[in-house]
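Since the structure comes first, as structure tokens, the remarks are kept for the end.
Laboratory data are not the source of any read-out in this text; all were calculated from the coordinates shown. Note that this is a predicted model, so its numbers are computed, not measured. Cβ atoms come from the backbone with ideal geometry, glycine included; neighbour counts cover every protein chain shown.
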Amino acid sequence: MLAGERASARSSWFAGRTLAKGAHSKADAAYSALKKAILTGALEPGTLIEKAELCEKLGVSRYPVSAAVSRLAYDQLVDVAPQHGSFVSKISVHDVRERLFIRSALEGEIAAEAARRMTDLDKAALAANLADAEAAVEADDRAAFYAADVAFHQILTTRLSMARAGEVLDGLRVHLERVRRILMTPPGRIRDVVAEHRAIVEAIAAGDPEAARDAMKRHLGVTGDLLETVAHQRPGIFAE
């Protein structure tokens, strides 16, 4: 995200929000608003969370914001430093590496299973998703692209009725969301992602489990390589 985009996102992520009545409802709404801002990068890693400012802009008392921050600390998205304040947690490179390792192992096998078992209707769903992603790239609609990217991986588990695997991957995805968006920013990267997805779709369509597994592992391997590069370039938002 460019500097101007970051400033605009930081100033507008809470614009127009009206929080529900009731202490718990307001705390839940403040939590959702802050979590979204953190996961989308509107509040970058290392950013001080200005509670008084948030209370004013969200139109709530200090309790809902403090409760939201406490929940985000439990989620490991916020670091609370006594006497210094609360900060958006930096991204742990070690944790990302481990989560990508798990994703690669699990999703590689899912892709192989998809090549063995997916029906023509399932394959059509993947092809439609690929078309949506291509359209989003051409329109430079990153929000639509991000949604299509997540949906691509979810189609594989839902169409194969792998609910438990889907739950594991969704849990990993929440903690990878911040770094995923950062790694999508290099010029041309979203086009590359579409090409990588296309290789997976083609292998599945051909009913080739080995090729599907390899294509998925290459796709996630590129993400791992980019992580190392970007972590070196932007050390201020990463922690080992």
Exercise. Among Ile190, Ala212, Val168, which residue has its Cα positioned farthest towards the positive end of the charge dipole of the chain, with +1 placed on the Cβ of Lys and Arg, -1 on the Cβ of Asp and Glu, and the dipole taken about the Cα centre?
Worked result: Val168
Problem set entry | Reachable lysines, given that their alpha-carbon falls under 30 Å from the alpha-carbon of Lys217 and they are not under 8 places away in the same chain | Lys35, Lys36, Lys90, Lys123
Problem set entry | Förster-model FRET efficiency, 22 Å R0, Asp170 and Ala73, C-beta, rounded to 0.05 | 0.55
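If I stretch the segment between Lys36 and Glu53 completely, what's the gain in nm (0.36 nm per residue apart, minus their alpha carbon distance), one decimal? Kindly include the intermediate steps, with their values, before the conclusion.
On the way: separation 17, 0.36 × 17 = 6.12 nm, distance 1.73 nm.
Length gained, Lys36 through Glu53: 4.4 nm.
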Seminar exercise, completed: Nearest 10, in degrees from 0 to 90: the angle of helix 62-74 to the longest Cα principal axis of the chain is 40
Seminar exercise, completed: Shape call for segment 89-157, from the Cα gyration tensor axes a ≥ b ≥ c (a/c under 1.5 means rounded, otherwise prolate when a/b beats b/c, else oblate), comes out oblate
Problem set entry | Rounded D (µm²/s) - segment 156-240, Kirkwood Rh over Cα pairs, Stokes-Einstein at 10 °C, 1.306 mPa s | 110
For this session: List the residues whose amide H sits under 5 Å from the amide H of Thr47, counting only those 5 or more places along or on another chain, with H placed 1.01 Å from N in the peptide plane.
Result: Val88
For this session: Evaluate the charge dipole of the chain about its Cα centre and quote only its size in Debye, nearest 20, assuming +1 on the Cβ of each Lys and Arg and -1 on the Cβ of each Asp and Glu.
Result: 840
Problem set entry | Stokes-Einstein translational diffusion, the chain - Kirkwood Rh over all Cα pairs, 0.890 mPa s, 25 °C, in µm²/s | 127
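Per the helix-only calculation at 222 nm, which mean residue ellipticity applies to the chain, given -39500 (n - 2.57) for every DSSP H run of n ≥ 4 and division by its residues, nearest 500 deg cm²/dmol? Walk me through the numbers before you get to the answer.
Numbers: 10 runs with 174 residues, N = 240.
Taken over the chain, the calculation gives -24500 deg cm²/dmol.
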For this session: Note the angle between two axes, namely the Cα long axis of helix 163-183 and the longest principal axis of the Cα atoms of the chain, as a number of degrees from 0 to 90, rounded to the nearest 10.
Result: 70
